[in-house]
Amino acid sequence: DGIRDHCVTGVQTCALPISVQTAARALGAEWHVVAVLPRGGLRPREMARLRRLRNLRIECSDAALETVVAAGAIATINDRHAFTGLLAGTPVVHLGSAAYGVPGVAVRGQLASLESDLRSALASQQPELQRRCLTWLLRHGHVWCSPEAPDHNGIAGLVLELERRIGDRGSQRARLHYRAGPAWPLATETSP
């Protein structure tokens, strides 16, 4: 397999992976569809339906980051990991509302039109607009998030999590000033 010859889908039911497979076949692509399960998996009936789909790889939620970075395209409702894919230059089709859902950055899609939506996402990337939008979101759209489970918006949380993963413990520079807070600027939660 080539590293970018698959399409990733965030799964809540079988409808999205089925539509992604149909769209990939219609595009004539030799793509492998990877379904990333939500944390906690799916109900047994949905899981059984998913397992019956041919040419579908199923991954647990822990594999989401690695999968979206290696994908050729991402189809999701509004999974936060799609933001990571955008940072890696991966085209994204989102079916729900998303902070990254700006025309030219990602494509707003529907199950019924997923083939044309996917084609549009693959053909209409605007790297400069994506860079500006993602930079704004990381700098201004949201700055408070948990370093243990950072969401896509908190740059300080992302940096701290990356440092933790690569083992950056002996750095001589000053530690980041960080305070956990609400997940979104309009959330009703408050910081302690």
Within segment 72-103, track down each residue that is assigned to a loop (DSSP other than H, G, I, E, B), open to solvent by 20 Å² or more (accessible area, probe 1.4 Å) and in contact (Cβ under 8 Å) with a residue 12 or more places away in the chain.
Ile77, Asn78, Asp79, Arg80, Ala88, Gly89, Leu95, Ser97, Ala98, Ala99, Gly101, Val102
Looking at segment 121-129, can you tell me whether even one residue there is within 12 Å of the chain's Cα centre (by Cα) and open to solvent by less than 30 Å² (accessible area, probe 1.4 Å)?
no
Exactly one of (1) at pLDDT 85 or above; (2) open to solvent by 50 Å² or more (accessible area, probe 1.4 Å); (3) not charged (D, E, K, R) is unmet by Trp184. Its number?
(1)
Just to be sure I understand the filter: pairs with C-beta atoms under 9 Å, separated by 6 or more residues or on different chains, first member in segment 45-62 and farther than 9 Å from Cys14 by Cβ, second member at pLDDT below 85 and exposed (fewer than 11 other Cβ atoms within 10 Å of the Cβ). Which pairs pass?
Cys60/Arg39; Ser61/Arg39; Ser61/Gly40; Asp62/Arg39
Within segment 24-71, track down each residue that is open to solvent by less than 30 Å² (accessible area, probe 1.4 Å) and part of a helix (DSSP H, G or I).
Ala24, Glu46, Met47, Leu50, Ser61, Ala63, Ala64, Thr67, Val68, Ala70
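The values are calculated or read from the model by the stated rules, or taken from the named source; none is laboratory data. Given the structure is predicted, the values throughout are model-derived calculations rather than measurements. Methodologically, a virtual Cβ is constructed for each residue, glycine included, from the backbone with ideal geometry; neighbour enumeration extends over all protein chains shown. Note: accessible area is taken over every heavy atom of the protein model, side chains too, but ligands, DNA and RNA are not part of it. Shrake-Rupley method; radii C 1.70, N 1.55, O 1.52, S 1.80 Å.
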